[in-house]
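*Asks:* Sharing a structure below in structure tokens format, with a few things to ask.
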Amino acid sequence: MSTEVVATSAVSDAQQQSPSAPTQQKSVEKVNLLGMSRPQMEKFFEDMGEKKFRAGQVMKWMHQFFVTDFAEMTNISGKLREKLEKIAEIKAPEVVHKNYSKDGTRKWVFRVGEGAGSLVETVLIPAEHRSGLRRTLCISSQVGCALDCSFCSTGKQGFQRDLNQAEIIGQLWMANYSYMEDVPVLERERSVTNVVMMGMGEPLLNYDAVLNSMRTMLDDFAYGMSKRRVTLSTSGVVPKIDQMVKDIDVALAISLHAPNDELRNELVPINKKYPLEQLIAACQRYIAKDGNESSRKHVTIEYVMLDGVNDHPEHAQQMIKLLKNLPSKINLIPFNPFPHAPYGRSSRNRIISFQKTLSDAGFVCTIRQTRGDDIDAACGQLVGQVADRTRRAEQWKKKVAAKNEILRSQG
């Protein structure tokens, strides 16, 4: 049954249930094409009785020229455009806040549902690179996060729901469009060069939507990104890492943050379910794929530097031992404090010393440059100021305040 027939049938059923009501068609929810991968869209057009190559045509208009009005799609027949107008739409999430930093960082807050709590953040970070200007977009996959890592602002907001494909790809669409708003349609170009699934939420706990979204990022009819320039970051959902081996070839990053199980259990609670031995083994399996074109040559290790917590020399030595058999690059991240956070940022000297120890051991180890401080660009900071559906943040603040009171009373 075609989508148009389904829509018409739904209207007829609604009218039959209310015979006394005036004969007035109720509005039918349109299908958001922004949320479809190419196979899904090909099926959509075939179900309409159209050739599946129409999917590629529409995808190019959407993702490469950032057109949302079917009337502007000039290589599609007028009849098909009229049909699409009735049953489909191209709609990115609503932007409720945007801010552009003086250093070039851009940040958006999107509304993805009803109420103040239905907000997610997206951050674009520009950087000079030997290959030219790199624009890296950090994309969210969930509203809030269920994992509650102790140093993470997003985790203190609790978890509301997964994002759907349109809400995930919509973040990439909007970031590109922000550079193209005043550019004539046929002169528009994709501006985002890299994507990291590293925003709010745990991507591997929203597996299907994230997988299909990344496939769209790689698709030549959409964003045509290199698989080396699409990175999924996970706190360590081991079974889903193994599933990714079968499903997609993109770069993998691990939010490690501690080099031993005792400390990681405290900082990253999912470690209690999937401890470091299991996590490192899964990473080794992921990069075992043969072939020069694979993006799985190494794993990026993310390590937030917490003052006096995980930044001691012995922690660096434990990292060396933990990662000795895993091809990896290490990214040290200065902690971004948030209100009532129980941690501070490691000193610059401590971070540099940590980096030197790892570099001397043969690891490629970089320190992430802090960007966008003037617009709260660290993920979750701004949303956390306006939304907390589960009251987890309020409970966390009380807990920290109580701890500080005990310390004061002890002198």
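We did not get these values from a lab; they are worked out from the coordinates using the rules stated. Just so we're clear, the structure is a prediction, and the values are computed from it rather than from any experiment. Using ideal geometry, Cβ is built from the backbone for each residue, glycine included, and neighbour counts are taken over all protein chains shown.
*Asks:* Name the residue from LEU133, HIS97, VAL123 whose Cα lies farthest towards the positive end of the charge dipole of the range 52-159, charges +1 on Cβ of Lys and Arg and -1 on Cβ of Asp and Glu.
*Replies:* Of the candidates, LEU133 comes out farthest on the positive side.
*Asks:* Mind listing the long-range amide H neighbours of PHE159? Cut-off is under 5 Å, sequence gap 5 or more, other chains count too, H placed in the peptide plane at 1.01 Å from N.
*Replies:* CYS145
*Asks:* So how strong a dipole does the range 101-221 carry about its Cα centre when Lys and Arg Cβ are +1 and Asp and Glu Cβ are -1, to the nearest 20 debye? List each step's numbers first, then the result.
*Replies:* Working: 12 positive and 15 negative charges, 65 e Å.
Using Cβ point charges on Lys, Arg, Asp and Glu, the range 101-221 gives about 320 debye.
*Asks:* Here's another thing I want to ask about it. For a Förster distance of 51 Å, can you work out the FRET efficiency between the beta-carbons of LYS297 and LYS30, rounded to the nearest 0.05?
*Replies:* Result of the calculation: an efficiency of 0.75.
*Asks:* Working out 0.36 nm times the residue gap between ARG228 and GLN284, then minus their Cα-Cα distance, what length gain in nm do you get to one decimal? Please report the intermediate quantities before stating the final value.
*Replies:* Values: separation 56, 0.36 × 56 = 20.16 nm, distance 1.75 nm.
Contour length minus the Cα-Cα distance gives 18.4 nm.
*Asks:* Also, I was wondering about something else. Return the long-range amide H neighbours of SER140 (sequence gap of 5 or more, or a different chain), with a cut-off of under 5 Å between placed amide H atoms.
*Replies:* The list, which skips near neighbours in sequence, is GLY199, MET200.
*Asks:* Right, something else. In sequence order, what are the phi-derived ³J(HN,Hα) couplings for the range 95-110 according to the Karplus relation 6.51 cos²θ - 1.76 cosθ + 1.60 with θ = phi - 60°, rounded to whole Hz, with x for glycine and proline?
*Replies:* Listing the rounded values in order: 7, 9, 7, 9, 8, 10, 6, 5, 8, x, 5, 10, 9, 10, 10, 10 Hz.
*Asks:* What pairs in LYS227/LYS321; LYS297/LYS324; LYS102/LYS356; LYS102/LYS329; LYS30/LYS91; LYS329/LYS356 have C-alpha atoms more than 22 Å from each other? Mind showing how you got there, number by number?
*Replies:* Working: LYS227/LYS321 29 Å; LYS297/LYS324 15 Å; LYS102/LYS356 31 Å; LYS102/LYS329 29 Å; LYS30/LYS91 10 Å; LYS329/LYS356 14 Å.
Beyond 22 Å: LYS227/LYS321; LYS102/LYS356; LYS102/LYS329.
*Asks:* Next up: Which FRET efficiency value, to the nearest 0.05, is calculated for GLU277 and TYR100 with the Förster distance at 30 angstrom and r the Cβ-Cβ distance? Could the numbers behind the result be given before it?
*Replies:* Working: r = 44 Å, r/R0 = 1.46.
About 0.10, to the nearest 0.05.
*Asks:* Counting only residues 5 or more places away or on other chains, whose amide H sits under 5 Å from the amide H of VAL364 once H atoms are built in the peptide plane?
*Replies:* ILE330
*Asks:* Measure off 7 Å from each Cα along the Cα-to-Cβ vector at ASP47 and GLU72, then give the distance between these two points in nanometres to one decimal.
*Replies:* 2.7 nm
*Asks:* Let me ask you something else. What list of ³J(HN,Hα) couplings, whole Hz, do you get for the range 30-46 from phi and the Karplus terms 6.51, -1.76, 1.60, once you set θ to phi - 60° and write x for glycine and proline?
*Replies:* So the J values, rounded to whole Hz, are 7, 7, 8, 5, 4, x, 10, 6, 4, x, 5, 6, 4, 5, 4, 6, 5.
*Asks:* Taking the Cα centre of each part, how many Å lie between the range 244-289 and the range 86-109?
*Replies:* Distance between centres, Cα-based: 32 Å.
*Asks:* Using θ = phi - 60° and the Karplus curve 6.51 cos²θ - 1.76 cosθ + 1.60, what whole-Hz ³J(HN,Hα) does each residue of the range 356-367 get, with Gly and Pro shown as x?
*Replies:* Using θ = phi - 60°, the values come out as 4, 4, 6, 5, 5, 7, x, 8, 7, 9, 10, 10 Hz.
*Asks:* Now for a different question. Length gain on complete extension for the stretch ARG348 to ALA127, per 0.36 nm per residue less the alpha carbon to alpha carbon distance? Working shown, then result.
*Replies:* Numbers: separation 221, 0.36 × 221 = 79.56 nm, distance 2.08 nm.
Contour length minus Cα-Cα distance gives 77.5 nm.
*Asks:* Just check the range 176-323 against the gyration tensor rule for me: Cα atoms, a ≥ b ≥ c as the square roots of the eigenvalues, rounded for a/c under 1.5, and otherwise prolate or oblate depending on whether a/b exceeds b/c.
*Replies:* On the way: a/c = 2.32, a/b = 1.77, b/c = 1.31.
Since a/c reaches 1.5 and a/b is larger than b/c, the shape of the range 176-323 is classed as prolate.
*Asks:* Let a ≥ b ≥ c be the square roots of the eigenvalues of the Cα gyration tensor of the range 165-210; is it rounded (a/c under 1.5), or, if not, prolate (a/b larger than b/c) or oblate?
*Replies:* Working: a/c = 3.28, a/b = 2.61, b/c = 1.26.
It comes out prolate by the Cα gyration axes.
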